[in-house]
1. Along the Cα→Cβ direction, 7 angstrom out, place labels at Leu60 and Phe108. What is the inter-label distance in nm?
2. Label-point separation (nm) for Asn129 and Ile151, each offset 7 Å from Cα along Cα-to-Cβ?
3. Name the long-range amide H neighbours of Cys54: under 5 Å, sequence gap of 5 or more, or other chain; modelled H, no Pro or chain starts.
4. Could the peptides 44-52, 69-77 be put in order, highest first, of the mean number of other beta-carbon atoms found within 10 Å of their residues?
5. Students sometimes get this wrong: rank Val103, Val153 by accessible area, probe 1.4 Å, all chains present, largest first.
6. Could you give me the ³J(HN,Hα) list for region 95-106, computed from phi with Karplus coefficients 6.51, -1.76, 1.60 and θ = phi - 60°, whole Hz, x at Gly and Pro?
Amino acid sequence: MKKPITLISSMIAILLAITTFQATAAAQKETTRSNAQHSRIVGVWETQVTIRNCETGAPLASFMGMNKFELGGTMQAIPSTSPMLLSAHAGIWNWVGRNDYEVAFKMFRFDAGGNNVGWNIVRFDVQINSAATEISADGVAELYDTQGNLIGVSCPTFEGTRFQ
C-alpha cells in the first residue's frame, strides 16, 4: 500500500513544481515588461537647462548639460558650468507611470577660492516622449548654506534629446 501513496505524493509534488514554475515565469515576464516600460529613461540625454525665477518664470541663467539615468534608479547630471564652482551631481530617479518620472539630485557649491558654501537639492518632474527620444522637466532647486539653512529657491526647467 505504500507504493500508491508514494506515487500520489510524487505526482502532487511534480504538479506543485510545474505550477510554481509557471507562476514564476509569468511574474518574470510581467516584471520584464514593467521594467522595459519604466526604464525607458535609462541612457544619456543632452539637455538645455534654464534656471527661472519661481514667482515670475523669468529666465535667470541658461546652460547645456548631460543627464545619465542608470538602471536601478540612480542618475548623474553634468552641467556645462565651471567644475570649480559645483561638484558632481548625484541622484535618483523613479518611474511614476506612463512617460512620467521623478528625479532628485544633490550637488555641493564652492566659491571662487574653492571653499564649500553649501549645497543644492534639485527635484524634477520629468516627461519623455512616446518614442523615448525627447525629454523635458520642471523642477525646484533648494539652496542651502553649510549649516543646512535654506537660503533660496529657484525653478529650473530643461529640455533635451537622447545622446546618440
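The values are calculated or read from the model by the stated rules, or taken from the named source; none is laboratory data. Note that the structure is predicted; figures quoted are calculated from it, not measured. Cβ: placed from backbone, ideal geometry, glycine included. Neighbour counts: every protein chain shown. These accessible areas exclude ligands, DNA and RNA; they are computed on the full protein's heavy atoms, side chains included. Shrake-Rupley method; radii C 1.70, N 1.55, O 1.52, S 1.80 Å.
1. Between Leu60 and Phe108, the simple spin-label model gives 2.2 nm.
2. 4.0 nm
3. Cys155
4. The most tightly packed comes first, giving 44-52, 69-77.
5. Largest to smallest exposure gives the sequence Val153, Val103.
6. Once rounded to whole Hz, the list reads 6, 9, x, 6, 10, 10, 9, 10, 10, 9, 8, 10.
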